[in-house]
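Notes for the one structure printed next.
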Amino acid sequence: MSFQKKDLISIKDLSASDINYFVETAKEFKKIFLKDIKKVPTLRGKTVVNIFYEPSTRTRSSFEIAQKRLSADSLSISISQSSVAKGESLKDTVLNLDAMKPDAFIIRHSESGAAHFISKLTKASVINAGDGINEHPTQCLIDIMTVAEEKKDLSSLKVAIIGDICHSRVARSDIYGFSKLGADIYLYAPHSLLPRLTEHKNKKIVIAKSIEEAVKDADVVIMLRIQKERASYYFIPSIEEYRNFFKLTPELLSLADKKVMVLHPGPVNRDVEISGSIINDNRTHIFKQVENGVAVRMACLYILMGYQKIHG
Ligand code: CP
């Protein structure tokens, strides 16, 4: 199979077989992690530029590690030390970096649509590392890979997504991704933090009336933090109230399927959206998600470079 796109901007653009192709490729790359020398020459001679306009721990470091493990030359722009601080626009920043002939850009930006915008400015591949409240496609692939390592048939799963769904790019991508694979999605959030779902007409996506309804018999529970950098605090009365009604506790988790998997994209606010004790529970796979992040990002770089070889 091959992937006939230059960029990875959104899960909305992918078919179920595209998603499976990314995940299966990531599983192959993950085998390298067991070796003494965790490096292959696959992308020798390729150059990747990482541009993160928003803070990141997991996404940025896993992209950088992925690039090193694939032997690509990589460069991470420090926005505060760059000419963005002198007022240079996103467009001019990208056009100038593009003049140095990189093969791929990894972009995180606070504006929804930023990755799509720069994909039009360059022949290099563009990977969306999170754009505003729009999408975080590589996080969705990580979440699907993490679940697929434990569960054979994703189409039979009940996936609960709980928290600040409205401002979460992870939630948007996960809703597209898991529903494309046939899973039933249950959403639970304060009414003010629920998304509009008009674009998912033929999928089973339920707005749960209570956290108990969302969690009951769930195979996967994905917890989300409040995206306070996107003004979400204005949408809830107080953090204390949020804790009381929207935190995943051990008691609530006991309603889920016995083999439930708890995921969280991070960063976690312990004892706000999830009890601290659940983070160390063997049903929780947060650090597995982080481990899989490197494999997924290796797969994304490898697959898009394959497209570049044919069409670039
Ligand atoms: N999951 C995620 O995007 O984490 P970071 O913001 O740390 O990259």
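Observations, loosely collected:
- Exposure ranking of Tyr302, Tyr176 by accessible area [1.4 Å probe, largest first]: Tyr302, Tyr176
- The chain: most fluctuating residue of Ile79, Ile127, Ile286 per GNM, C-alpha cutoff 10 Å: Ile79
- Across Asp73, Asp143, the residue with the most accessible area heads the list, and the full order at a 1.4 Å probe is Asp73, Asp143.
- Computed on protein heavy atoms with a 1.4 Å probe, the accessible areas place Arg243, Arg225 in the order Arg243, Arg225, largest first.
- For the chain, the carbon plus sulfur part of the accessible surface works out to 51%, probe radius 1.4 Å.
- Calculated SAXS-style log₁₀ I(q)/I(0) at q = 0.12, 0.13 Å⁻¹ - the chain, Debye, Cα scatterers: -0.79, -0.92
- Panel note: the C-alpha atoms of region 1-107, placed on their principal axes, show extents of 44, 36, 26 Å (largest first).
- Of the DSSP H helices in the chain, those whose Cα atoms cover at least 24 Å axially and whose Kyte score averages -0.5 or more: 286-311
- Surface per residue (accessible, 1.4 Å probe) for the chain, Å²: 46 Å²
- Counting only DSSP H runs of at least 4 residues, each contributing -39500 (n - 2.57), and dividing by the residue count of the chain, the helix-based mean residue ellipticity at 222 nm comes to -10500 deg cm²/dmol.
- Debye log10 I(q)/I(0) for region 137-289, one point scatterer per Cα, at q = 0.12, 0.13 Å⁻¹: -0.43, -0.51
- Listed cross-link partners Lys35/Lys309; Lys6/Lys180; Lys151/Lys180; Lys203/Lys247; Lys86/Lys228 are compared with a 25 Å cut-off, the Cα-Cα value being larger for Lys35/Lys309; Lys203/Lys247; Lys86/Lys228.
- DSSP beta bridges confined to the chain are antiparallel in about 5 percent of cases.
The values are calculated or read from the model by the stated rules, or taken from the named source; none is laboratory data. Treat the numbers as computed from the prediction; the structure is a model and nothing was measured. The protein model used for the area step is the full one, side chains on, heavy atoms only, and it has no ligands, DNA or RNA in it. Shrake-Rupley method; radii C 1.70, N 1.55, O 1.52, S 1.80 Å.
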